[in-house]
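Asker: Below you will find the structure I want to go over with you.
The values are calculated or read from the model by the stated rules, or taken from the named source; none is laboratory data. All of these numbers come straight from a predicted model, not from anything done at the bench. All Cβ positions, even for glycine, are placed from backbone atoms using ideal geometry, and neighbour counts span all protein chains on display.
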Number of protein chains: 2
Amino acid sequence: MSFQRKLQLATDFYQLSMGNVYYLDNKKDQIAVFDLFIRKNPCDGGYTIAAGLEQIIEYIEQLHFDDEDIALLKKNHPEFDENYLKYLRNFSFSGEIYAVPEGTIVFPNEPIIRVKAPLIQAQLIETTMLTIINHQSLIATKASRIVDAADGGTVLEFGLRRAHGSEAGLYGARAAIIGGCAGTSNVESEYLIEIPSKGTMSHSLVQSYDSELEAFRNYAKYNPNNLILLVDTYDTLNSGVPNAIKIFQELREKNQLGDTYGIRLDSGDLAYLSKTARKMLDQAGFADAIISASSDLDEYIIRDLKLQGATIDSWGVGTKMITSYDCPALGAVYKLSQIEEKGQVKPKIKISNDVIKITNPGYKKVVRFYDRNSHMALADLILLDDEKIDEKEPLEIFDPICTWKRKVLTNFYAKELLIPIFVNGKKVYQSPNIKEIQNYVKHQKQFIGEEYRRALNPHIYHVDLSEKLWNLKQQLIHQER
Amino acid sequence: MSFQRKLQLATDFYQLSMGNVYYLDNKKDQIAVFDLFIRKNPCDGGYTIAAGLEQIIEYIEQLHFDDEDIALLKKNHPEFDENYLKYLRNFSFSGEIYAVPEGTIVFPNEPIIRVKAPLIQAQLIETTMLTIINHQSLIATKASRIVDAADGGTVLEFGLRRAHGSEAGLYGARAAIIGGCAGTSNVESEYLIEIPSKGTMSHSLVQSYDSELEAFRNYAKYNPNNLILLVDTYDTLNSGVPNAIKIFQELREKNQLGDTYGIRLDSGDLAYLSKTARKMLDQAGFADAIISASSDLDEYIIRDLKLQGATIDSWGVGTKMITSYDCPALGAVYKLSQIEEKGQVKPKIKISNDVIKITNPGYKKVVRFYDRNSHMALADLILLDDEKIDEKEPLEIFDPICTWKRKVLTNFYAKELLIPIFVNGKKVYQSPNIKEIQNYVKHQKQFIGEEYRRALNPHIYHVDLSEKLWNLKQQLIHQER
């Protein structure tokens, strides 16, 4: 497109407007701590897959404002101070960022990114980080739910045309792969994630020939090795499947039938059609023909189709994955938790009548406890950064709201979730490749109990506060009210 | 970001895969006609606002494949013919595109873009056009619904952090302005649509000071002319509003209170809080203070709040507009309707068991009928391109499914909706600016009956087929079955 993106300005105006105040009020270099966290898992599910860190790193590394940006801001916002604009012209991020690695399974209220930086800097990067992580984590989580429903079946991402623009399609495809999809139809993603895109034919190809059979025969001629024929242009069972079988027979006779061949169903009742098509294919001697299906699929429909014995090997999922249709936004937030003023460290809190929305103060870390024998995740704990966990001693954890709900952990080990990404403005982390991230997701799922991963009404995984943090929080609440 | 976008590859793989077949099978230059149309209005509403044409034009104009693209395709897709790849390397669009101007109010099943081009070209541009128009039309329509609910109140787009990535935020902001929003918080949009972005302060600014009052006072010092104070960081009615009033009083005493000042509510019961805050402000002598509100708003909540007398002047709408939360995808499709083979023109149809999904064949146009006196829109008619409407004669139109539903139009005039955008690959159209598009939307709404614009359960606007087109369709259906 002729419009040249300006990611440094892909932010809310108030970030720049507050920056002006921080600058003029001599607050810009106060060291602030912000936590980025979600409040609710997508789709009323039990977990969220954090995704988008690689793009956040790229954003932070390249964040600067050029002369054109400064001129634009000056023209449109005369209230901005000249020296503030000069400051922006020379802006670069000099702070610290810790984050969970991409693909980490996370839960509400625990920091998944922690920023410690001069106030003006930490503030300025809020919106863009949220935009990236909200989008990719949402789609990765949705994809993971769909992949779980397919229960070993192949899931392909086919949603580009229904994505919120082509960039949403691209990074949505990336997130879908992280969540466990085997591939995507998105060709541009070949540059981003280096996996060949997939796909076969549309109805228009079939229509463009005088007959379905002629269309199949010509398509097969040029695609002998990945021959998935779309069978629903005219009449699936009376025309599409019989014609496909005819082509497979012709190819077999000529010894040209490849390893990957089959049909795609794109409308109608997929349970009935797949079972009937399976029989027809089997009876014709094509037991290894693949049946793939697409048509407004999501985790709920896939699960129901499988419950009714649908014989579908490969699921092409579009609209409902690329938009996370039943829950199209993840509401991660970014909250100030501490600020230093004249050398004095002040933990900060945001009060709300809704108790779950009161933020956790201070400079914090997160640990995940695992059982020493089964290696299953037991609970997560948010604690102040200087607190230590003694793995040799029993540890009592408690629900931060219903504090009488208590549990003693024994025979556990603890892993810190947040790792350093930027230190003093320098990147200290190398992003893994997409396959590594996908494998990391798959690996973790084995150690998060299936009751937490149930699609509907899952068990709630515990994210507790350390006693020290809980006490600090109570103290600040009383101070403010 | 360091990733360099490749919009020419922002497509589904099957477009390129079918291109290979068309090329090798000598079909690439068959002249094909495709219609792009929606099947359903967003949010079960009565209309859709077509948006995104400007970006589609930019895409088509710049569409070509560079050496790097060809090398990538060759590496990942060894089935692609060498000569086909050479063809792609020299690709440029040489066809014809007609479309409705941006901002046109459209209805299901009528072509909003019509492409007539060599088959391989018309096929190749499908996905990207759909992606762009599905996204922007969705958000423009959602914004229009929300603006209607605000009933004269100001609506601002605040959703970037919940958009599906920053590009979705940017073009979503553009679409929201088209739909009637007065502004957006998205700073990058200043480059795209040349309207200054808007916003004030977040909770973190308030928290970063030792007290709310101190935060307000300092913010006011540097923002005297657009002073909207966020009052819910600690306690809206007991702290936020009284502190805001204190600041307004201080400024008034010093004669520094600007024209635009007021408060923003961001949580709690907005009806109760706004009415109470209004009284407090009025009693303190600040009757012209603005009350703005944000907090998970959409057209349904805004309407309900207004029904209960909420005194809110300005609505900041985020998540639910930028994602069209209750309906996050628009399902526009792109269907082959005609192909020429060896000089013979063949209208084409896609059959479906679902009668509404059977496509309309042929090279078609769309007219909208208006009443000569009231200028209200009466109905739309899809007809073959060579058909003529005689405005002087009564015209009988009929429902294409329930054909016994008939209506005779008299005293009408007809306007064609599709206008030429590309002819012989050359752009013949100049996009209007965003304000013109916004005004065009606003203008049309006056002439589309309010029963069609009702948010819930609207009356269905008629989109009929001419008798000639209807006959052609029936003939093809019988031929195929």
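Asker: Consider the stretch B:346-369. How many of its residues are out of contact with any helix residue (DSSP H, G or I) (no Cβ under 9 Å at 6 or more places or on another chain), over 15 Å from A:Ser267 (Cβ atoms) and not β-branched (Val, Ile, Thr)?
Answerer: Result for the stretch B:346-369: 5.
Asker: Sticking with this one: Of everything in the stretch B:269-291 that's within 31 Å of the chain's Cα centre (by Cα) and within 14 Å of another protein chain (Cβ to nearest Cβ), which residue is farthest from B:Gly258 (Cα to Cα)?
Answerer: That would be B:Asp269.
Asker: Check whether at least one residue in the stretch A:367-375 is closer than 14 Å to A:Ile112 by Cα and either aliphatic (A, V, I, L, M) or out of contact with any His (no Cβ under 8 Å at 6 or more places or on another chain) (or both), and report yes or no. Lay out the reasoning, then the answer.
Answerer: Initially, the stretch A:367-375 is screened for residues closer than 14 Å to A:Ile112 by Cα, giving A:367-368.
Narrowing the set further to residues that are either aliphatic (A, V, I, L, M) or out of contact with any His (no Cβ under 8 Å at 6 or more places or on another chain) (or both) leaves A:367-368.
Checking the stretch A:367-375: at least one residue is closer than 14 Å to A:Ile112 by Cα and either aliphatic (A, V, I, L, M) or out of contact with any His (no Cβ under 8 Å at 6 or more places or on another chain) (or both).
Asker: Just checking, which of A:Ala182, A:Ala175, A:Ala163, A:Ala149 is touching a His at 6+ places or on another chain (Cβ under 9 Å) and either more than 9 Å from every other protein chain (Cβ to nearest Cβ) or hydroxyl-bearing (Ser, Thr, Tyr) (or both)?
Answerer: A:Ala175
Asker: Just give me the residues in the stretch A:185-230 being more than 7 Å from every other protein chain (Cβ to nearest Cβ), farther than 26 Å from A:Phe286 by Cβ and charged (D, E, K, R), in sequence order.
Answerer: Matches in the stretch A:185-230: A:Glu194 only.
Asker: Now a separate question. Would you be able to tell me the number of residues in the stretch A:292-326 that are surrounded by fewer than 19 Cβ atoms within 10 Å (Cβ to Cβ), of a type in the set (Lys, Arg) and either closer than 19 Å to A:Asn186 by Cβ or within 25 Å of the chain's Cα centre (by Cα) (or both)?
Answerer: Matching residues across the stretch A:292-326 total 1.
Asker: When you go through A:Gln62, A:Gln30 one by one, which is the residue that is over 26 Å from A:Leu330 (Cβ atoms) and at pLDDT 95 or above? Let's see the steps before the verdict.
Answerer: Values: A:Gln62 fails: over 26 Å from A:Leu330 (Cβ atoms).
Unique residue meeting the criteria: A:Gln30.
Each row is one residue, and each column tells you yes or no for (1) within 22 Å of B:Ile389 (Cβ to Cβ); (2) modelled with pLDDT of 95 or more; (3) within 15 Å of the chain's Cα centre (by Cα); (4) of a type in the set (A, V, I, L, M, F, W, C).
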{"position": "B:Val423", "(1), (2), (3), (4)": "no, yes, no, yes"}
{"position": "B:Tyr429", "(1), (2), (3), (4)": "no, yes, no, no"}
{"position": "B:Ile434", "(1), (2), (3), (4)": "no, yes, yes, yes"}
{"position": "B:Tyr440", "(1), (2), (3), (4)": "no, yes, yes, no"}
{"position": "B:His443", "(1), (2), (3), (4)": "no, yes, no, no"}
{"position": "B:Ile448", "(1), (2), (3), (4)": "yes, yes, no, yes"}
{"position": "B:Glu451", "(1), (2), (3), (4)": "no, yes, no, no"}
{"position": "B:Ile460", "(1), (2), (3), (4)": "no, yes, no, yes"}
{"position": "B:Leu469", "(1), (2), (3), (4)": "yes, yes, no, yes"}
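Asker: I'm told A:Gly318 meets every condition in (1) touching a Ser or Thr at 6+ places or on another chain (Cβ under 7 Å); (2) of a type in the set (Gly, Ala, Ser); (3) modelled with pLDDT under 95 except one. Can you identify the failing condition by its number?
Answerer: For A:Gly318, the exception is condition (3).
Asker: Please state which of the following conditions A:Glu110 fails to meet, knowing it meets all the rest: (1) under 23 Å from the mean Cα position of the chain (by Cα); (2) closer than 23 Å to A:Gly172 by Cβ.
Answerer: With respect to (1) under 23 Å from the mean Cα position of the chain (by Cα); (2) closer than 23 Å to A:Gly172 by Cβ, A:Glu110 is out only on (2).
Results for (1) modelled with pLDDT of 95 or more; (2) within 14 Å of chain A (Cβ to nearest Cβ); (3) within 16 Å of B:Val100 (Cβ to Cβ); (4) assigned to a helix (DSSP H, G or I), shown as yes or no for each residue.
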| residue | (1), (2), (3), (4) |
| --- | --- |
| B:Val345 | yes, yes, no, no |
| B:Ile349 | no, yes, no, no |
| B:Asn353 | no, yes, no, no |
| B:Ile356 | no, yes, no, yes |
| B:Pro361 | yes, yes, no, no |
| B:Val366 | yes, no, yes, no |
| B:Asp380 | yes, no, yes, no |
| B:Lys388 | yes, no, no, no |
| B:Glu391 | yes, no, no, no |
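Asker: Tell me the residue from B:Lys335, B:Lys407 that is in contact with a helix residue (DSSP H, G or I) (Cβ under 8 Å, 6 or more places away or on another chain) and in a strand (DSSP E or B), please.
Answerer: Numbers: B:Lys407 fails: in contact with a helix residue (DSSP H, G or I) (Cβ under 8 Å, 6 or more places away or on another chain).
Being in contact with a helix residue (DSSP H, G or I) (Cβ under 8 Å, 6 or more places away or on another chain) and in a strand (DSSP E or B) holds for just one of B:Lys335, B:Lys407, which is B:Lys335.
Asker: Can you find a residue in the stretch B:154-175 that is closer than 16 Å to B:Ala51 by Cβ, basic (Lys, Arg) and modelled with pLDDT of 95 or more?
Answerer: Yes, the conditions are met somewhere in the stretch B:154-175.
Asker: In addition: Cβ-Cβ below 7 Å, separation at least six or inter-chain, first residue in the stretch B:460-481 and outside the structural domain of B:Lys40 (by TED's automatic domain parsing) and exposed (fewer than 14 other Cβ atoms within 10 Å of the Cβ), second among the acidic types (Asp, Glu) and not in a helix (DSSP H, G or I): which pairs?
Answerer: Short answer, once both residue conditions are applied: B:Lys468/B:Glu387.
Asker: Still on this structure: Go through the residues of the stretch A:78-100 one by one and say whether even a single one is surrounded by 22 or more Cβ atoms within 10 Å (Cβ to Cβ), among the charged types (D, E, K, R) and either out of contact with any Lys or Arg (no Cβ under 6 Å at 6 or more places or on another chain) or in contact (Cβ under 8 Å) with a residue 12 or more places away in the chain (or both).
Answerer: No, the conditions are met nowhere in the stretch A:78-100.
Asker: Quick check on the stretch A:4-49: of everything there that is among the acidic types (Asp, Glu) and surrounded by 24 or more Cβ atoms within 10 Å (Cβ to Cβ), which residue is farthest from the other protein chains (Cβ to nearest Cβ)?
Answerer: Quick first cut of the stretch A:4-49, residues among the acidic types (Asp, Glu) only: A:12, A:25, A:29, A:35, A:44.
Next cut, surrounded by 24 or more Cβ atoms within 10 Å (Cβ to Cβ) only: A:12, A:35.
Details: A:Asp12: 4, A:Asp35: 11 Å.
Selected residue: A:Asp35.
Asker: Please go through the stretch B:58-104 and give me each residue that is within 12 Å of chain A (Cβ to nearest Cβ), closer than 16 Å to B:Thr11 by Cα and not charged (D, E, K, R), ordered by number.
Answerer: Answer for the stretch B:58-104, where residues must be within 12 Å of chain A (Cβ to nearest Cβ), closer than 16 Å to B:Thr11 by Cα and not charged (D, E, K, R): B:Tyr59, B:Ile60, B:Gln62, B:Leu63, B:Phe65, B:Leu72, B:Leu73, B:Asn76, B:His77, B:Leu88.
Asker: Considering (1) crowded, with 20+ Cβ neighbours inside 10 Å; (2) not assigned by TED's automatic domain parsing to the domain that holds A:Leu227, say which one A:Ala277 fails and leave the rest.
Answerer: (2)
Asker: Same structure, new question: Would you pick out the residues in the stretch A:219-234 that are surrounded by fewer than 19 Cβ atoms within 10 Å (Cβ to Cβ) and over 37 Å from the mean Cα position of the chain (by Cα)?
Answerer: Listed by number, the list holds a single entry, A:Lys221.
Asker: Identify the residue in the stretch B:131-146 that is of a type outside the set (D, E, K, R) and more than 10 Å from every other protein chain (Cβ to nearest Cβ) and, among all such residues, is farthest from the chain's Cα centre (by Cα).
Answerer: That would be B:Ile146.
Asker: Need the failing condition index for A:Gly52 against (1) more than 12 Å from chain B (Cβ to nearest Cβ); (2) on the phi > 0 side of the Ramachandran plot, just the number.
Answerer: Only one criterion is unmet by A:Gly52, namely (1).
Asker: Taking the conditions exactly as written (β-branched (Val, Ile, Thr), farther than 23 Å from A:Ala332 by Cα and not in a helix (DSSP H, G or I)), does B:Val155 satisfy them or not? Spell out the reasoning first.
Answerer: Numbers: β-branched (Val, Ile, Thr): yes; farther than 23 Å from A:Ala332 by Cα: yes; not in a helix (DSSP H, G or I): yes.
When the stated conditions are applied, B:Val155 passes them.
One line per residue, one yes/no per condition, for (1) aromatic (Phe, Trp, Tyr); (2) farther than 30 Å from A:Glu451 by Cα; (3) in contact (Cβ under 8 Å) with a residue 60 or more places away in the chain:
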residue	(1), (2), (3)
A:Val21	no, yes, no
A:Lys28	no, yes, yes
A:Val33	no, yes, yes
A:Phe37	yes, no, yes
A:Asn41	no, no, yes
A:Gly52	no, no, yes
A:Gln55	no, yes, yes
A:Tyr59	yes, yes, yes
